[in-house]
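**Q** I'd like to ask some things about the structure below.
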Amino acid sequence: MVTCNAALLTTFALSLIRSLSKNMSNMQNENWSVQNFFKMLEDQSKQVPNDARQSRYCKYITKFASHFGKEWCMVVGSTAEKTRLRSNMNEGDFDYLIISGVSIPVDALEHREDLPCFVHVRGDKFKHSFTHNLVNGKYIHSRILKEVDREAFKIMCGLLQVFTVPLVSKGLHYNRVGISRDAKPGMCEEHYVGFQMVGGANEEIYIRNQDTDIRATKKYFQSVMDLSDLSPSMKSLLNNLLTVLAEIKPHNKSGTAMYQTFAGLIEAVNSDNAVHDVAKLTSFHPKGTEANDRHYIEDSSGKNVFRIKFNYKSSNDFIAAFPLEGKLKCLEEWRVRILTSDKVLWPSAEAVEKIFQSEVYVVAKPAIINPSADVDFCLGFNQAEIILASNLSSEQRLCFLLLKSLQQGYLKHYVSVLTTFHWKTAFYHQCGQIDPALFDRHSTILLALVSVLSYMIECLDKRYLKHYFLESNLIAHITETEANEIKGKITDIIVTPEAALRVYFDMNKECENSKQEEEISMKEMEEMKTRMNNPFNEKQTDTIISLMSDLQKATTSDDSKLTQAIGNTLYMVIEEETDIPFVRPDTTQQQCSLNDLLAQATIYSTTSFSSKNEKKKALKDLKAKAFSTVLSSIRNK
């Protein structure tokens, strides 16, 4: 039986020191060294502009939704915790928590006795519109969250459909393709850059000509809008909205999947070159006559899976959640235990108090053993985990990055069994026990790493890893065979840690100039084929028209709410995404009328400017007034 006692840890430490000494001379003569590897991991985990952009997107969505209720969203997971690794193989994922305005009382939770972190929600203990149809007359159905049901997400439901439209676009150098996949706690969008089919005539996929897309999309959008139940004012509002979005497109269009997805629609609606004769257009179907414009993917009905290759990938995970109302008993017990123990070295008392005050959620996720998928929910301490990560020192964070590199490299065959969450939990447990000085990157950080690895061996030996906040086994699903295999691998890491760490380093180097391969299902292939062979941007158009229709129905009693929500959100977007010095119409400064705007435009067009800078400034002022005019018209709808 393997235990994490002092003698074993000493043996591992001596082995580590001997191994490092033996290989140090060889390492110095190569590109790889422990210190270089540390730097590589820290570089991979650095925040990038897209991280801040995703947080801003959540802020805009929350601003809009706040006009109608308490729904909101936030970026969680490794991006928010600043522990995300962006390798040459995988950009990692963005995790978004979509939070309902409906709170669940803590006394409505029925914890599983064997796995208390999994709960059933007693819908008979509180009243809401979706509690009339309960499983066994007692429990809320998990589909409410899985499907982001409109009764729990009146605003976010439609918005999520818009923001998760799969991507198919042609960049300057690479094709980009998005594939939607179900995930246990929500929905996942996988994005592949440099996408290609493997083998045969489909080795290269040609994406449609953009000019054809603009003409076809303009026709389809106008037709669908004409046939919709949108009121004239709502149609005008939508056109104005798309006009503004066309002017605030990001500087780096290829860097935002959101713009790539809807650029065709936005550009088409605002294009003067698009065909305007739509009288005969009541429906559209792709025709096979534009052979020079696009290539159709061959019939795939005879295959079950398809191989693809790509440069790298990333993913967006959307997880719907109910916030809890009231304090969990387990969190109170955790707070007391941490604050009253003289043996717990981490986290700080301030962090503990912040965690105790943070919001906790339930998400739809089947239990890891004996699941009841229709009624299983899991507790989510997402805010607490962000606070814990922010309380790590830079050297503690580096140690965790080392663990992640081992999980994704040397232990990659077990990533679905022993996940990042499991390693993070083990790491946080050990942070409370390890002297912070042991994380010194220049001397003993690998000994701290060995301590965490040894602790995981002990957990696997008992097949019990305690949840960080409550007494619940996170690895109850792992079989004895799997546990023994992983223990053997971890023991190998401890004996020669630098060799195990190098696996991740070498994997990154190998993928720098080569494509990776993966399999996709027939269903995913068919959906992709439909999108690639369709020049009309139908999905984008349909979801936006549907969203506007739903919002119109939801605000029939007070149209001003919707226009105010759109206007206020656009103000925020323009202020943060552009340098346009426009004036909000609700300020004391006089609003710009359409006649004023036309008059100033005439003056601009007939003025002989003394310099380019003078002309540039005049154009900037004119553009600012144009924005104010458009936004004023939106607010006055």
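**Q** Would you give the gap between the C-alpha center of the stretch 440-511 and the C-alpha center of the stretch 514-529, rounded to a whole Å?
**A** Here the two parts' Cα centres lie 32 Å apart.
**Q** What is the distance, in nm, between label points placed 7 Å from the Cα along the Cα-to-Cβ direction at Lys612 and at Lys509?
**A** Each label point lies 7 Å from its Cα, and together they span 4.7 nm.
**Q** Three principal axis extents, largest first, for the C-alpha atoms of the stretch 444-508, in Å?
**A** Principal-axis extents of the stretch 444-508 (Cα, largest first): 36, 27, 22 Å.
**Q** Fewest to most neighbouring Cβ within 10 Å: what's the order for Lys46, Lys561?
**A** In order of increasing Cβ crowding within 10 Å: Lys46, Lys561.
**Q** Okay, moving on. Treat the count of other C-beta atoms within 10 Å as a stand-in for reagent exposure and order Leu406, Leu145 from fewest to most.
**A** Ascending Cβ contact count within 10 Å gives the list Leu406, Leu145.
**Q** Same structure again: What translational diffusion coefficient, to the nearest whole µm²/s, does the stretch 415-486 have by Stokes-Einstein, given a Kirkwood radius computed over alpha-carbon pairs, a temperature of 25 °C and 0.890 mPa s viscosity?
**A** 191
**Q** If every alpha-carbon in the stretch 76-161 counts as one equal scatterer, what log10 I(q)/I(0) does Debye give at q = 0.23, 0.24 1/Å?
**A** Taking Cα atoms of the stretch 76-161 as identical point scatterers yields -1.12, -1.16.
**Q** A further question on this structure: Sort Met528, Met156 by Cβ crowding within 10 Å, fewest neighbours at the top.
**A** Met528, Met156
**Q** Using a 10 Å cut-off on Cβ atoms, rank the peptides 188-194, 342-348 from the highest mean neighbour count down.
**A** Descending packing order for the listed peptides: 188-194, 342-348.
**Q** Which entries of Lys82/Lys487; Lys404/Lys529; Lys313/Lys412 have Cα-Cα distances beyond 24 Å here?
**A** Cα-Cα > 24 Å for Lys82/Lys487; Lys404/Lys529; rest within.
**Q** How charged is the neighbourhood of Gly92? Take every other residue with its Cβ under 9 Å from the Cβ of Gly92, and add Lys/Arg as +1 and Asp/Glu as -1.
**A** Details: positive: Arg84, Arg86; negative: Glu91, Asp93.
The answer is 0.
Just so you know, all these numbers are worked out from the coordinates, no wet-lab data involved. For clarity, every value in this text was computed on a predicted model and none was experimentally measured. Don't worry about glycine lacking a Cβ; one is built from the backbone with ideal geometry, like all the others, and counts go over all protein chains shown.
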